[in-house]
1. Looking at (1) outside the structural domain of Met208 (by TED's automatic domain parsing); (2) in contact (Cβ under 8 Å) with a residue 12 or more places away in the chain; (3) in a loop (DSSP other than H, G, I, E, B), can you tell me which one Lys121 breaks?
2. Hey, can you tell me all the residues within the stretch 142-169 that are in contact (Cβ under 8 Å) with a residue 12 or more places away in the chain, at negative phi and assigned to a loop (DSSP other than H, G, I, E, B)?
3. Working only within the stretch 460-504, note down all residues that are in contact with a helix residue (DSSP H, G or I) (Cβ under 6 Å, 6 or more places away or on another chain), of a type outside the set (A, V, I, L, M) and in contact (Cβ under 8 Å) with a residue 24 or more places away in the chain.
4. Count, please, the residues in the stretch 433-459 that happen to be surrounded by fewer than 22 Cβ atoms within 10 Å (Cβ to Cβ) and touching a residue at least 40 places away in the same chain (Cβ under 8 Å).
5. Could you tell me whether any residue of the stretch 263-272 is in a loop (DSSP other than H, G, I, E, B), at pLDDT below 95 and within 30 Å of Cys193 (Cβ to Cβ)?
6. Could you tell me which residue of the stretch 487-516 is farthest from the chain's Cα centre (by Cα), considering only residues that are aromatic (Phe, Trp, Tyr) and outside any helix (DSSP H, G or I)?
7. In the stretch 202-216, which residues are in contact with a strand residue (DSSP E or B) (Cβ under 8 Å, 6 or more places away or on another chain) and either closer than 27 Å to Leu63 by Cβ or charged (D, E, K, R) (or both)?
8. In the stretch 147-162, is there at least one residue being surrounded by 17 or more Cβ atoms within 10 Å (Cβ to Cβ) and farther than 19 Å from Trp80 by Cβ?
Amino acid sequence: MASARCGFVITTALFLLACCTSSNNRVPGYLYLRLQAAPSTLDPALITDVPGGGIAAKLYDGLVKIGGGLKIKPDVARSWTVSPDGRHYDFSLRKGVRFSNGREVRASDFQYSFERVLSSKTLSPNTWVLNRISGAKAFMGGKAAHISGIKVKGPYEIELTLDKPFSPFLGLLAMPTAYVVAREGNSPVPIGCGPFTVQKWLPGQELMLKARRHYFAGPPKIKGIVYRVIPEDLTAVVEFETGNLDILGIPESVYGRFKNDPFWSRYVTSTDGINTYYLGLNCSRPPFNDRKLRQAVSYAIDRQKILETYFEGRGVFATGPVPPELRGWAAPKAYEYNPAKARQLIKEAGYKDLKAEFYVTNQEEVLDMAEIIQQYLSRVGIQVKIKQLEWNSYKEAINNGEPDMFWLSWWADYPDPENFLFPLFDSANIGPAGNRTRYSDPVVDKLIEDGQNASTVAARDRYYSQAEHIIAHDAPWVFFWHRKDIVVRSPRVRGYKDYPVYSMDKATEISLDASK
């Protein structure tokens, strides 16, 4: 304990020294951030992870965005109207919004962008975001040249018509999938109209974004952003302490050090994240196609103890997939820690010497968590083999249904409970669209659909409540916690805000104090 504290004092002193001197490794005026893994794509049609979505929010814009209070606000669209039957959305665009190549954004660009997502040539895993637009399925099946439910009514007017009313639709339009891109752009980085553009991309190493001086909502206060790919937590901590990173999501291993340090505690902030961390169980094949075995895993792990000790209370205990901020009904009953019950269920299922492969990423804190879970499961007779993979290989493996078990989290794309039900548990989304446990229940599918089409919030919540309680009973996930987002920032950073949804952070309000 004492030696660790001494090391922290030394590196803190080194950081303060670095703050007073210029670094040859830094570009003046640029904000330096960490990525734990390299982004696999910067194309908004293809992005499926939170880090990629956070970067996309800096490069692109949509018709609408999520604002304060998690309300839907105007973005490229200055206003919109919704028909009384909830099917027709008329958007009026701002004039003078320009792509980074200088061309003005027009309504036809949104038509192109939406059809690009739904085109079979794009191979987007996110077609569910837009496929409720009338004519989308015919277009996706090659039976129509354009989507009939998208009508360009003028240079700055576009109408979207849905097959059925869908209450979260405006929230979906705030997602990266619905960002507008220029038709003259090319992959891997389409041309957007956001506050930054890609200046340099060294895959696996570094991504540099340059601020746009003529961004329609006002130019960023920084010159740019440098994302550095640093997989190792301890390396990232040292880089932060020595002034080579400006903002750091605090790793579990050093949380107490930053929280209790007289200097750094002033720069630690936290916000309740709209997310759910879970242990996913592959429901499509033995052994976890058996509900009793899935329930046994939930009973076998003392999640409350892990949250309070290893995780140091940095989250809210989860009993279902929907975060408390979005749930308008009573939460499902928690699975208590009951190893005897777990052994009984395993016996009832007829299993002995049960074995399972547990896939995790190569992040240090994830491996620590996997080993804790491994120990708990071994006590009830489940022998777990841990397999670590690099992030992109890991995503591909779980999308393809390779592991028996995997550790993952889901963060809100839009502030609606539907976002924690339909993508994750509807049978239409098995695989990369979100349902990576391959869970399937026609009753749950119908309840989610009824909630999507409900005309009132009360009716919506009634359907979603039933769906969530069935899901909790079926236990395709072991629900762990809703994690708090805790970061530490450099004293030089001004105007930093914590955002509950990743796409809200455009980095336009952050500035850097060169004197620190």
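The values are calculated or read from the model by the stated rules, or taken from the named source; none is laboratory data. Since this is a predicted model, take the numbers as computed values, not measurements. When we count neighbours, we look across all protein chains shown, and the Cβ atoms used for this are built from the backbone with ideal geometry, even at glycine.
1. (2)
2. Residues satisfying the conditions are His146, Ile147, Ser148, Gly149, Pro155, Tyr156, Asp163, Lys164, Pro165, Phe166, Ser167, Pro168.
3. Arg460, Tyr464, Asp474, Phe480, Trp481, Arg489, Tyr502, Ser503 - these are the residues of the stretch 460-504 that are in contact with a helix residue (DSSP H, G or I) (Cβ under 6 Å, 6 or more places away or on another chain), of a type outside the set (A, V, I, L, M) and in contact (Cβ under 8 Å) with a residue 24 or more places away in the chain.
4. Number of matching residues: 7.
5. No: zero hits.
6. Tyr496
7. Within the stretch 202-216, Glu206, Leu207, Leu209, Lys210, Ala211, Arg212, His214, Phe216 qualify.
8. For the stretch 147-162, residues surrounded by 17 or more Cβ atoms within 10 Å (Cβ to Cβ) and farther than 19 Å from Trp80 by Cβ: absent.
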